[in-house]
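Below: one structure, written as structure tokens.
Only the coordinates and a few stated rules stand behind these numbers; no lab work does. Computed from a predicted model, the values in this text were never measured in an experiment. With ideal geometry, Cβ positions are generated from the backbone for all residues, glycine too; neighbour counts draw on all protein chains shown.
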């Protein structure tokens with residue numbers, strides 16, 4: 001068997017999703033879309049991305065004068081309501097709101113954007129930052145200028161579009177919560193407060209990696225060999241993953257990554273108990289628009305029980321309904337790498353610029369699996385960091401470069417106790433830097449000497465980095481000071 005670490009990456013970026021009805025993998029980028037995209041000007045090199053690239057990363061998204069981006073009393077916290085949020089939802093969130101208000105301790109750095117100050121249909125990030133006299137620049141964040149660094153959006157993606165969240169998250173630390181009933185808002189709010197105020201924490205100092213192969217599936221073999229396995233290994237310049245934070249890694253890669261194993265992870269029945277950080281890299285289930293199963297099961301984690309042929313049976317993947325009633329996910333942060341893991345737009349991002357683009361669903365929606373994890377009756381996860389729309393192999397490797405460090409950096413920050421909105425900024429930095437390369441390659445292509453494959457990889461990788469979101473409060477963080485070191 002050849003050395004997987006030296007095996008070449010495919011020319012074609014591979015999507016991480018499988019169609020429920022056929023077992024076929026989600027389609028790659030079509031040439032007609034690439035042709036359309038290649039003819040565009042360098043619009044991607046906008047002012048906000050340019051500013052992000054040029055900024056010092058000492059304090060990530062906040063201005064140097066703001067100090068530590070993990071200190072809420074210096075950078076602040078805000079909640080941004082959508083127009084459809086009921087008074088009942090606001091009441092259910094009150095424990096979290098009051099808790100954050102107390103942590104900030106400064107009315108100038110604590111904001112509730114509601115009514116005329118909330119998002120209105122048609123708002124762009126720039127127009128929202130300017131409205132009602134705020135006049136806040138879309139640049140490195142000065143929390144005292146009117147919009148605190150941490151912003152929790154409470155809205156469905158129909159009410160506040162994903163694109164608005166992507167754009168605001170370029171500089172701010174943004175998360176979103178949305179559930180199908182008011183009780184779940186209350187469960188999540190109470191769960192976060194309980195975790196942050198308890199004398200001990202329910203999770204162990206472990207990083208768990210779960211990644212199946214699904215037989216001869218090209219995308220999953222690539223993920224196992226180019227991301228899941230190698231990111232855990234020491235290199236000439238890197239220690240073993242988690243060593244600096246005194247976290248113990250535990251991996252279930254390939255054959256062990258079954259549905260039963262994922263069930264045991266969620267129930268805390270693996271050695272060492274419930275992990276504080278869980279990474280799952282898998283195919284996400286995909287359904288045709290309007291399928292009665294789509295709302296409940298799209299984005300579900302495809303486990304190793306599926307051999308990669310024929311349509312996956314319900315027993316081979318884990319949807320929201322499959323999270324066990326006795327799960328112990330309270331205090332966990334889950335990085336869910338799969339197509340539609342966080343949610344989906346109405347139209348596919350990667351074909352939206354073509355004359356005819358793919359309808360994903362009748363309406364944009366949040367995935368039910370993160371909803372179940374965050375609002376679990378036994379205590380919810382702190383956050384799920386996951387992907388909107390299709391997720392791609394070019395997130396971690398391409399013909400030109402390995403991008404493992406993006407994943408390692410985010411998880412290293414989580415294990416170091418950084419707030420999740422701060423930690424995920426590493427992907428936003430990738431978005432900005434890749435955009436610069438993309439603009440140059442587009443210009444090369446227009447002048448007749450660009451590389452078609454490189455252009456495709458850069459475009460997908462740029463949007464892939466942008467499409468990760470925090471499902472949950474962006475200000476949550478692991479209480480690593482309360483986690484004993486495992487022997």
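Of note:
- Beta bridges per DSSP with both ends in the stretch 208-314, % antiparallel, nearest 5: 10 percent
- At R0 = 22 Å, FRET efficiency that the Cβ-Cβ distance of residue 101 and residue 194 yields, to 0.05: 0.80
- Anisotropy class of the chain from Cα gyration tensor, a/c 1.5 cut: rounded
- Taking the DSSP bridge list for the stretch 265-393 and keeping only pairs wholly inside it, about 40 percent are antiparallel.
- Working note: 222 nm ellipticity from helices only, DSSP H runs with n ≥ 4, each -39,500 (n - 2.57), summed and divided by the residues of the chain, gives -8500 deg cm²/dmol to the nearest 500.
- Order of 99, 330, 283 - criterion: other Cβ atoms within 10 Å of each residue's Cβ, fewest first: 99, 330, 283
- Additional length obtainable on full extension of the chain from residue 289 to residue 134, 0.36 nm per residue less Cα span: 51.8 nm
- √(5λ) per eigenvalue of the Cα gyration tensor, the stretch 64-198, largest first, Å: 22, 20, 12
- Separation of alpha-carbon centers, the stretch 316-390 and the stretch 157-213, rounded to whole Å: 11 Å
- Least to most buried among 441, 158, 196, 447 (fewest other Cβ within 10 Å first): 447, 158, 196, 441
- Listing 349, 295 from fewest to most neighbouring C-beta atoms within 10 Å gives 295, 349.
- Spatial separation of Cα centroids for the stretch 448-487 and the stretch 114-145, in angstrom: 25 Å
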